[in-house]
Every structure is written in C-alpha cells, then in structure tokens.
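Read through the structure below, which is laid out as structure tokens, and then see the notes.
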Amino acid sequence: MLAELNELKVYFYDQRNKRFIRSVENVSLGIREGTILGVVGESGCGKTVTALSMMGLVESEPGIIGGTFFFRPDDDDADELEDTILRGLCTKKNYRRERMYNLFCGLDDYIEFEQSPFTIIKDSEKWLRRTNRVMELIRGKYISMIFQSPAQSLNPYISVGQQLQRTIQRFHGEMNKYEVHGYAEELLRSVRLRRPDVVMASFPSALSIGMAQRVVIAVALCSDPCLLIADEPTTGLDTTNIHRIIKLLEELQMERNLALIFISHNIRIVSAIATDILVMYAGIVVERGTRAEVTKTRRGPRHPYTEMLVSSVPGDADIKRGKRLREIPGSMPNNKKEMDACPFLERCPYAKGSLRRKCRSACPEPVEVSPMHFIRCYRFYS
Amino acid sequence: MKRYYYEREITNIEKFYVPLSKRASVRDVVSIGFGLFVVSYLVVFFTISVTNSFIKDPMEINISQMFLPPSMEHLFGTDYLGRDIFSRIVKGTEAFFIPGILSISISTTFGLLFGIVSGYYAKYFSKGIFYFLNIIDSIPRIILILLIVVIFNPSIYLIMAFVGISSIPKVSSYIKSKVDVLKRQRFIEAGKSLGLSESSLIFKHIVWLSSKSVLIIQATLGLSETILIETSLSYLGIGVQEPTPSWGNMVAMGKDFFFQGKIWLSTIPALVIMVTIMGLYLLGDGLNSIYNEKVSR
Amino acid sequence: MVRFLKHFFKELFGMLFLVVGVTAILYLIFNLMPGDFPGKGRGFEGYVNLLRRLFTFRFGTSIVSGRDINSIVFPAFRNTLILTIGSIFLSVLISVPIGIFSAFRGFETYSWPFSILTYVLSSIPVFYLGYLALYLVSRYTGYLPIFYPHGAERGNPVLSYVLPILVLGFGNESISEIVRLIANELRRVMDNTYVTASKARGEPVLRSSFHEGILIPLVSIIFSKVPFIIGGAVIVEYVFNWPGMGRLAFQSTLDRDLPVLIVITFLSVICVRSGMLIKEMLLLSINPERRA
C-alpha cells in the first residue's frame, strides 16, 4: 500500500454566517503502487478538497480536523521525514506504521471536537505550519498534483522552459544547466509534444489547451513522483483532447509505474482507465471497490447513486431509440447541518417503506458486500 | 486558541449582497472611526473659528505671556508673541478648510466629467481631453504651484483651485477605467434594452451606484493631500502669511525656538497636522477596503 | 519586437508634442507678464527660437543672477536626483519586506503594530521631521549635516547625505503607500490558481507570485513617483539647504526668474514623460500577454 487516508474530516467555517460547512466527512481511501484510483462525484461533493488535503494545500480555517494519512516514502528520505515529524509535529508512537508515516500526526493534540454544541477548538496556526513543513518534503517529490484548468496552472509571466527548469532544479539540484535543459526536453517529449524546443521558449498564453495540459503533466512528473493526483484534468478540454490526454496518462502510468488518482465527475471517463473506483457524495464515500465491481456488474450490489450515475450515461442503443435521458432528480443536501440521515435520502429511488425509517435514522456505515467492495447503504445491511 | 462555534442553522435564502456592517473587519472599523473623529474635530474647529466664539483671540499679542508651556490656562501654551497656541490652531483650520473643499470639488467634479466623457464616448472627445489632461499631468505639482505663484501672485484659494485642477487627470483616469469596465457589463446592456435613457443610465447606474465609492475615497485622500500642501506652502512662506495663523507657518515660526528648549511652539502644530492627515488617510483607506473587498476565500 | 519599437516611437513623438504644448502655453503666459526672458515679445519667431535653444540645451543666462543657467541647473538636477532616488530606494527597501510580511501573515496581531507605525511615521509632515532630525543630530553629535562640498570643516559627508535621504524616505507617505500596495497585490495574487499549482510542485509561494505580485506593482509605483523626483523634494532641500532643483525652483519663484523657470519646467516635463515611457516599456516586457 502506497498511501492510506483514514477518516478524513475537513470542515470550513463561514465567518459571516457563523456556521460550519462540512466539506469532507470520514473519507477513507487507499491506493496501491501502480494502480489507478478513480474518484467520481458531483461538483461540490468534496473530491477536490480531499485531494488538496492529501497535499496539505487546504488553507482555510479550520480545515483538516480529523483523520490520518499514512504515506510510504523512499527509504533514503524516510529518516529525514521521521526527523521532521518528530521534531515538529508530534512524538506519539502511532506516527508510524511499518514503513508508512502518518503525515497528519498530532492532529488530535490540536483539535477538540465536540458534537454538541458543535465546537472545535483549534490552535490552528501552529498545526498548519507544522504539517506544512512535513508536507514540503512530500509535495512535488512524492505526490504531484495537476489541476483542472491548465491555463491557470502555469505562471503566465515566465516561459514554459523556465517553469520546467525551476521545478527540475528544485528536485535534481545536482544537474548543471545543460542537463536540466536536456531533461526538460525529454520530459516534453515524453508527454508527446513535438518540437519541445519551441514549446520551451513560448509562454503559456501561446499554447493551446491540449498542449498546456500536457505541459502541466510534464511539470508534475519532473521529480518522478510515485503518486500523481489529477483533479479533473479533462473537464476543460474538448472531446478529442480528452481522449488523447487519457491515453497519455495511461501510457505514462504504465511507463513509470505511477500511482494515479483520477478525479472526475464523469463516470464514463473514470471507468475507462481506473482500476479501483471511489464514489463520493456530499462529502462521504458511498462506494468503494474495483472497477469491475462498481461499474460493470449488471446485477451486482451497488449504491443507488452509482447505479444512477452509470445509467445516466446513455448507451448506444438508447441513443438510437431516442430515449429520454435519465437524470438524477434533486440536488445535494445542505452540508451545513449535522448529518443525521443518509445524505442521499431525498434522491434515492429505493428509500421506501420500512427501509426509509432506517435511512432516516443515521448515516449508514460502510458494508463489505464482497472482498474490497464497500457500500454505504442500508439495503445491504443484513 | 480559536474557538469555532456553530450556532443555529440559517435556513432562509442567503443574501448575495452582504451588508456593509458585516463586511468590515475590526481594523476597518477602527480606521474609519478614527477618520471620522478627525473630520468631526476639523468641522468643529472650523465653525468655532469662523464664528469667533469660545476661544481666546488668536491674534492677541501679549508680551508678558510669551513662551508659556501648555497649561490649564493655555491648552497648548503660548508662542513667541504671547498668543494662545490652541486658539491659533483652531483658527488655522480656516486656512485649508474652504480651499481644501474647493480643491476636491474641482478635482472630483471635473474628474468625473472627463472620466465619464472619455470612457463612454471614447471616440469623439478622447483625443482632445487626453492631450489637455496629459499636459497637466506632466508637470510636477510643486512646479505647477510655483509657476502659478509667479504668474498670478495668488491667494490660497486660487492656489488650491489649481491643486484641484492638477488632480483632475488622476481622478478622471480612475473613473474612466471604472466606466470602461462597467460599460461592458451585462446590466448596462439590459438597461438599454429595457429602454432606459442614456443619461439615466450614466448618472444613476454608472456614477452613483458604482463610482460613488471611488469618488469618496479620492475626495478623502485628496483632502489630506491638500492639507499637507497648504501647510507646506505656508511653511515655505508662500501660502498663508503671518499674522494669520496656519499650521504650517506656526511650525515655521516655532522652529527657531527649538534650540532654546521651547519645543512646543513647533511640535504641537506638527502633531496636529500629523493626526489630521493620518486620520483622513485612514478614513480613505478603511473606506477603500470596505467598498472594494473582493468576496474570495 | 517590431511592435515594441513602433509603440516606443509613437509614445516618443507624443511626448515631444506634449513638451511643445507646455512650452507654448508658458511662452504665451509669460509674454503677458512683467519680467523679461529671452524671446519675450517676439511672437512666433521668438517661440521657435526658444524651442531651439531648449532642445539643444543652451539655456542662456539667468536674468536675476546673470549666471549661465546650464551651470546652475545641471548640478542642481544631479543633486536632486541623488536625494530623491536615494529616498525612493530607502522607501522600497523598507516597505517591501513589511508588505510581504503583512501579506503572508494577514492583518493580525503581528502586522498591526507595523502598519500603525508606518502610518504614523508617514504622516509626520516632512518640514517638521526634517528640522527635528537636523536639530537632534546637530545637538547630540556636534556635526552639522551640511551639504558636503560647501560645508565647513564641521561638516560630515556621510551624515549630510544620509540625513536628508532618511527624512525624505520616511516623510512623504511613500512607505505606507508601498506597504499597502504590495500587501494588497500579493494577497490577491496568492489566491490565484497558478500560485497554488506551483505550491503543489514545491515552489515557494513568494517566488511564483513574485512577478505579478511584487515586480509589476513596484515598477508602476516607482515610476509614478517621477514627478516627485523632480520637484517634490522642495521642502527637504529647503530645510537642509540642499542645492537641488527644488530649492532652485523655489528661489527662482521668489526672484521671479523666468528663464530658469522655463528651463526647469521643460526639464521636468521631459523627465516625467520619459519616466512614464520607460515604465510602459518595462511593463510591456514583463507582461508577456501584452506583447501579443
């Protein structure tokens, strides 16, 4: 297991209206080396926030208030990481499990979380700063992230070549100028960009969106990370580019044995390349399992939300017959209240009768319906 | 340690326009409060001095009472001619109050006018107005003032009028950029298609609703600059002349007595100037951060 | 590149046009006043003559003192430049770190005292501050910070340069202005996606936000202070008896020395416009989007 996130809770505080926004609630995910994890969900379900918290980029307060994030670095850096954690973050014994380190160690020292009244006491500054120090060792080097809009991920004031060079020099300090330049060109070639010299000399505003996204991927891979988080990399692109970028990501992942977390709201794209799939809704994980289990099986157990997501994509037969598109009625519940029922209740077609009472009582816990396939639904409880 | 409390849930429709009171942070409130305090004492002093009531005669020379340090009798002490400094300070507000208001009215009205014209009807009037404004803009303000002094031998009112004129380019460029941005907004297009007349569009929507903040802030900052200019000119001797009190010439007259240890003659007017300018500056700054706060984070 | 040059020459031409306009107005007005200056009363021909002499930098002699204007103005110009450029340098040196600090820490407990301090310092009127500094220094160190070449044996060269620069650097509201500008711009840029993306790659926030957050605002504000560079040091020069352009302009005003005034105005306008031109060219070169 390369990285394991457990029970992540991220809350934000709205100063003006004096209330909490439960962004992410008890999200757990695990990713193994060399696999692709797809995260699917509507806008606002907390996927981006989860990704950002894995990178330590959540800056609003209070931010991350619970959970552990175990990560396994390379052996040569393990000592340095251990030092930083021990010195800065916490000295508890559970900062390490086998060869994995908890990057959110010490969180419970700084947080007191009471359910009612909903109070969080946090010495926010200190913990943020300390985790930041730990995260700085990890960021970019082991975990890289690419964002949704490529044009906005590149610094518009410096040329592409310079951006590449800065990043390369940061992680490969021993290279001289020519080596850096050569490595940069090689990276650009590896993302299938022809004429890397021209690309390096140009500014981001001169690139087309497909090219820009490839450059962003190239920059993210500068340091040869073991985990790449792609936050909706295809959302801003047109269809031909989507296809190309996905193919590119697949190939890169195979070449470098990358672990990839692919976040999208389009389940079709995700199921095209992912090995495991995570379905999120309203800040919680509603289903987790391998691709086969989650998407392909017609009769197999599935969360109602996943089912509706999959069936909302029209098949070829449906299109030919001119059938009406199937949508999921309603919208996400207000995440400013306590979660006292299953969040999907209002939109679930199965919540009827006696089942409904259960659905209303509390949020369901994950049930393992088959090995490594978890669903949060009362239908599978027995 | 910060505590976050969750109060009751607000279920009504969220308002998109957050009222001013909620947008202000503590810092802004303090700045604006202080600024308003300054404005109020300016107004009070001005009315007192104009109506010649409540205070001792600022011109009354009383050699026997020279160089008295601040006391209950003379709040700020007396100067080298025995005149009460406090009353001279109060009287000194006359030197810049009306001229200052004159200056900012000229700069804001004409700035607004030119800004709107060049922003809205860019094609026709732009070139000529630009040229004229550029000429004014190219001459450093002090040089302009000195030239005016040479040409006209002016009173402080005329000087301040020209100071106002010299600020027109800056204000009009602010307004023009605002107009440029607003002109393209959808709500203008919507207004036009609803049949609103051009003038109502301009005055009501663009000017009043959106540019009001820019103007007020420019006026406030402009006033503080005017005060600084007036006091500096009086210090140099080309503004208000003795025996009429101005904070600037009080500092000038008092500075020679530093070496004798009688620092209050010079220091007190300087402190008053400092507090006034700081207050107005803070006022403008606080207003700026309230009006222009971007709703991010 | 070609567009660059085209723009440059267009602006240059506009600048000259402007200078001509200013001098024309001055010429007209001065002609109507008492007081003599070269070319008075000779109408258009006199004006052309005046222009020719101005542009070739042969300024003639002063009416009042009879000295050659060139020998007065150019040294004065150099002295003023020393003073004002030094003070802008000082202001930037002090304000930029404070601005950066304030942007990173937010407006909380740390930066509040700083901000208040800078406001207070910047609001003290320059004429008072100058004199106070002069008084304190000469009283407690026995040195008289007189401008060095003219000063007697009691003059201290370092002090005589440092003191006016210090006073000017602190006393003209530049510090609080620059602090606020940098803090606001940096904060705005730090919220931008590309900065977060760079942070995700491990690049320090300051480095990636440098261009837009610091470099551009600094360039804008430094070059917008050019008018100040020319004339704004009048008061400090007066207090410290510093033989610069400001003091020269002031004295010429008192003496009604019209030729010198024309020359000073001419030089000022040229400097101000060239400053603006340089600023635009710089901004154009930094901001790649503008090129296209």
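Nothing in this text is a laboratory measurement; each read-out follows from the coordinates by a stated rule. Just so it is clear, the structure is predicted and the values come from calculations on it, not from any experiment. In this analysis, Cβ positions are derived from the backbone assuming ideal geometry, glycine residues included, and neighbour counts consider all displayed protein chains.
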Calculated FRET efficiency, B:VAL29 and C:SER220, Cβ-Cβ r, R0 30 Å, to nearest 0.05?
0.50
Based on alpha-carbon positions alone, could you give the equivalent ellipsoid semi-axes of the stretch A:119-220 from the gyration tensor, as √(5λ), descending, whole Å?
30, 17, 11
Distant-in-sequence amide H partners of A:TYR101 (H built 1.01 Å from N, under 5 Å):
A:PHE71, A:ARG72
Among the listed pairs A:LYS247/A:LYS358; A:LYS9/A:LYS177; A:LYS126/A:LYS247; A:LYS47/A:LYS126, which have their C-alpha atoms separated by more than 32 angstrom in this model?
A:LYS247/A:LYS358; A:LYS9/A:LYS177; A:LYS126/A:LYS247
Count, lysine Cα pairs under 24 Å in chain C, 8 or more residues apart or across chains
4
To the nearest Å, what is the center-to-center distance of the stretch C:192-257 and the stretch A:238-267, using C-alpha atoms only?
49 Å
What's the long-distance tail for the stretch C:158-257, i.e. % of Cα pairs beyond 23 Å?
48 percent
Please list, in order along the stretch C:264-269, the HN-Hα scalar couplings obtained from phi with the Karplus expression 6.51 cos²θ - 1.76 cosθ + 1.60 (θ = phi - 60°), rounded to whole Hz, x for Gly and Pro.
4, 4, 4, 4, 4, 4
Rank by packing, highest mean first: peptides B:47-55, A:247-255, with packing defined as the count of other Cβ atoms within 10 Å averaged across residues.
A:247-255, B:47-55
Rounded to the nearest 0.05, what FRET efficiency do C:THR141 and C:THR61 give with R0 = 41 Å and r taken as the Cβ-Cβ distance? Could you check?
0.50
A correct fewest-to-most ranking of B:MET59, B:MET160, C:MET190 by other Cβ atoms within 10 Å would be B:MET59, C:MET190, B:MET160
Gyration tensor verdict on chain C (Cα atoms; rounded if a/c is under 1.5, prolate if a/b is larger than b/c, oblate otherwise)
oblate
Anyone know which of C:VAL269, C:VAL189, C:VAL73 comes out most mobile in the 10 Å Cα GNM of chain C?
C:VAL189
Three principal axis lengths of chain A [C-alpha, angstrom, descending]:
71, 60, 43
One computes Rg over Rh for the stretch A:147-296 from alpha-carbon atoms, with the Kirkwood Rh, and obtains 1.00
Once you average over the residues of C:129-137, how many Cβ atoms of partner chains fall within 10 Å of each Cβ?
3
Just want the ordering: B:ILE116, C:ILE116, from fewest to most Cβ atoms lying within 10 Å of their own Cβ.
C:ILE116, B:ILE116
Among A:PHE12, B:PHE152, which comes first, second and so on when ranked by fewest other beta-carbon atoms within 10 Å?
B:PHE152, A:PHE12
Show me the ranking of peptides B:85-95, A:207-217 by mean Cβ neighbours inside 10 Å, starting with the highest.
B:85-95, A:207-217
Considering every residue in A:44-57, what mean count of other chain Cβ atoms within 10 Å of its Cβ is obtained?
1
Subtract the Cα-Cα distance of A:GLN162 and A:ASP340 from 0.36 nm times their separation in residues, and report this length gain in nm to one decimal.
58.9 nm
Per GNM of chain C with C-alpha springs under 10 angstrom, the most fluctuating residue out of C:GLU11, C:GLU177, C:GLU45 is C:GLU45
Gap in Å between the Cα centre of the stretch C:81-105 and the Cα centre of the stretch A:217-234?
39 Å
What list of ³J(HN,Hα) couplings, whole Hz, do you get for the stretch B:52-64 from phi and the Karplus terms 6.51, -1.76, 1.60, once you set θ to phi - 60° and write x for glycine and proline?
6, 10, 6, 10, 5, 5, x, 9, 6, 8, 8, 4, 5
In nm, to one decimal, how far is the C:LYS10 label point from the B:ILE101 one, both placed 7 Å along Cα→Cβ?
4.5 nm
Shielding by other protein chains, A:153-163, mean Cβ within 10 Å
5
Only Cα pairs under 8 Å and at least 6 apart count here; give the relative contact order of chain A as a rounded whole percent.
19 percent
